[in-house]
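Nothing in this text is a laboratory measurement; each read-out follows from the coordinates by a stated rule. Everything quoted here is computed from the prediction, not taken from an experiment. Counting neighbours? That spans all protein chains shown, and the Cβs are built from the backbone with ideal geometry, glycine included.
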Amino acid sequence: MRERERGEPERQMSARSTAAGLACRLFLATCCLLATLFAWSEWRGWFFLAEPAERWLTAAVARPVDLGGRDTFALRLLGGIDLRVSRLRIGGPEWAPQPALMDAREARLKLRYTDVFRMLRGAPLRIESLVAEGLDIHLARGDDGRANWQFERTGNEPARPLLDWVQPAHVEVTQGRLVVDDAPLTLALTANFSMRDGSERAGDARDDRGIRAIIDGRYRQSPLTATLSTGSTLPWLSGEDDVPAVPITLALKLGRAALSFDGRVQDLLTQRGLDGRYTVSGPSLAALGDALAMTLPSTPAFSLQGRLQRKPDAWQTAIDTARIGRSRLAGQFRYETGRDGLPWLGGTLNGSVLWLADLGPAVGVPEGEQSSARRNGRVLPDRHFDLPSLRAMNADVRIDIERFESGSDSLQAIAPLRGSLRLADGVLDIRDIEARLAHGWLTGRIGLDGRADIAQWDVQLRGGGLRLEEWIRQPRADGAPPYVAGRVGGRIELRGQGRSSAELLASSDGHAALVWTQGRVSHLAVEAAGIDVAQALGVMLSGDAALPVTCGVAGLQVRKGRVTVAGARVDTADSTLGVDGSLSLVDERLDLVARAAPKDVSPLSLRTPVRITGRFAQPEVSLEKGPLLARLLPAAALAL
């Protein structure tokens, strides 16, 4: 009995030992099986996880994700996550015109487990390496501001950019294609590119990190072509705000304008932090304005050099050199969107010289057609203004030009020329005009109301102290005095309407007045005006002298484009000169009569009126035949 009792514990211990051994063998078998399954799965690339991974990623980003199917799916989990797929496709939102946001071919993705754990806690997913033989990216933004690169979040959290979710550390793309369709910017382009970014390969001394791209598309209805190269773009892919700027070099043709830029930018899509040097050229500033949706004047060919900066709420540029025809200008400008949604341009335009001919196209004279206009008998520019462009933006620009050249060798330049140009809701107003000319001054304003189909024009100018002998160059031999000298002042007030400079003048109403003080006039010119042959010969033999002008006044009345000369008189000790008649700004015709009334007696003085007729482009000067014959025979008889 006692032996039986002693053997029971031994049998129980033996049974437990047998069970433990069996469990151990089962555990070892299970581990071997799991190791075998893991080794087999690792060898086969975990192909059976392709569909679950697609479902998990689709739920995570709230977009359809395609990994190319199990046949091309290869995953390695030893030492980290290493995924190779023949295709990695992330779809776009339903409203986007392109079905996919990203489509990569022959892609390889590497992740570290530590980065995956951080992502599960809410941090962005850091991608150790992303390499693709081919990569297509479609970026689209609608008129309502929605963008296909914004990913919806669960709950009430706002949409976040893709780069807030993923942050690659190394990226390589052998052949890429970027398609951009941005409705707010009216931008549509396609860029073929290659990209290599991240740490340099072992043994590779080159540093060709960055993007190389060739771009073709349209911006604001203007054709666009460009080449782009950058430094390392990883700061752009970080998704952070405070990142270093990336070097960038851009050569671009936009419409008829060409641009080159060399600088840095923090975000290529938004141009945040852009700062660099640029050169831009084209056949006319208007061509650049058309491309940028800005109102710029029509000019001859131009070339600009300066610095461009992108501020949080505006663009800023400092133009170091601006060559527009023969003009040499510079300036500081700020371009932004105003409260009313219209673009706004402000700043200062300065420079060493501005030629009137370079502004000719802006007031309706097409470049190179001035001589043609004269051959056709028309002088006043009749090309229609681009009135809709006046309503496309607002502006407030200060003008400060050292010298303004009229283009005539006979007239002295204005130095300096100052004023302020304001454009608001289609109304152009040039105010505070301040010009210095020949020791004189000129002030006033010029307004052009372009809100309707037909522009309204208003001019108010005043001047004084202008020295005629300095303003009008009068070269004479042997130190003879100038033909006219003295100080001139006056005022002009005109109003009109039309679609060109010619129409504005042809419809104008107003008046003008001119006063001549401290005047002197050539004795020879006075005798010639009076057709006094005897005294003119005497003055030529004895030498010309300057006659004091007692009084000089002129008044002009303008009514519907017809200018009437009223009371234009110049009185000297020798003669009284007068001009009467009219001229038409409608058909550009002259009908003026100049008369001289000598105060002395001369046997060869014909004293006949001089008539000025013809067109502005080809005036005709003649003597009135009736008075001339009436004086010619007695003068000839007295001479005999």
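Before anything else, pin down the relative contact order of the range 256-351: Cα pairs under 8 Å, at least 6 apart, normalised by residue count, whole percent. Each step should come with its number before you reach the end.
Values: 216 pairs, mean separation 18.0, N = 96.
Result for the range 256-351 is 19 percent.
The distance from the alpha carbon centre of the range 252-278 to that of the range 399-414 is 35 Å, rounded to a whole number. Classify the range 282-350 as rounded, prolate or oblate from the Cα gyration tensor: take a ≥ b ≥ c as the square roots of its eigenvalues, call it rounded if a/c is under 1.5, otherwise prolate when a/b beats b/c and oblate if not. Note, shape of the range 282-350 comes out oblate. Computed extension length for Ser86-Leu187: 33.2 nm, one decimal, from 0.36 nm per residue of separation with the Cα-Cα distance subtracted.
Computed packing ranks the peptides 49-56, 281-288 as 281-288, 49-56, most packed first, by mean other Cβ atoms within 10 Å.
Looking at the square roots a ≥ b ≥ c of the eigenvalues of the Cα gyration tensor of the range 398-489, which shape do they give, rounded for a/c under 1.5, prolate if a/b is larger than b/c, or oblate?
Numbers: a/c = 2.80, a/b = 2.61, b/c = 1.08.
Prolate, since a/c reaches 1.5 and a/b exceeds b/c.
Taking 0.36 nm per residue of separation and subtracting the current Cα-Cα distance, fully stretching the chain between Ile214 and Ala392 would add 60.9 nm.
I'd like the Kirkwood hydrodynamic radius of the range 48-145, using the inverse of the mean 1/r over distinct C-alpha pairs, in Å. Please list the in-between numbers first.
Details: mean 1/r = 0.0691 Å⁻¹.
Roughly 14.5 Å, rounded to one decimal.
Here the extension length gained between Arg339 and Arg272 equals 22.0 nm, from 0.36 nm per residue of separation less the Cα-Cα distance.
Note on Arg307 and Thr225: the model spin-label points, each 7 Å out from Cα along the C-beta direction, lie 3.3 nm apart.
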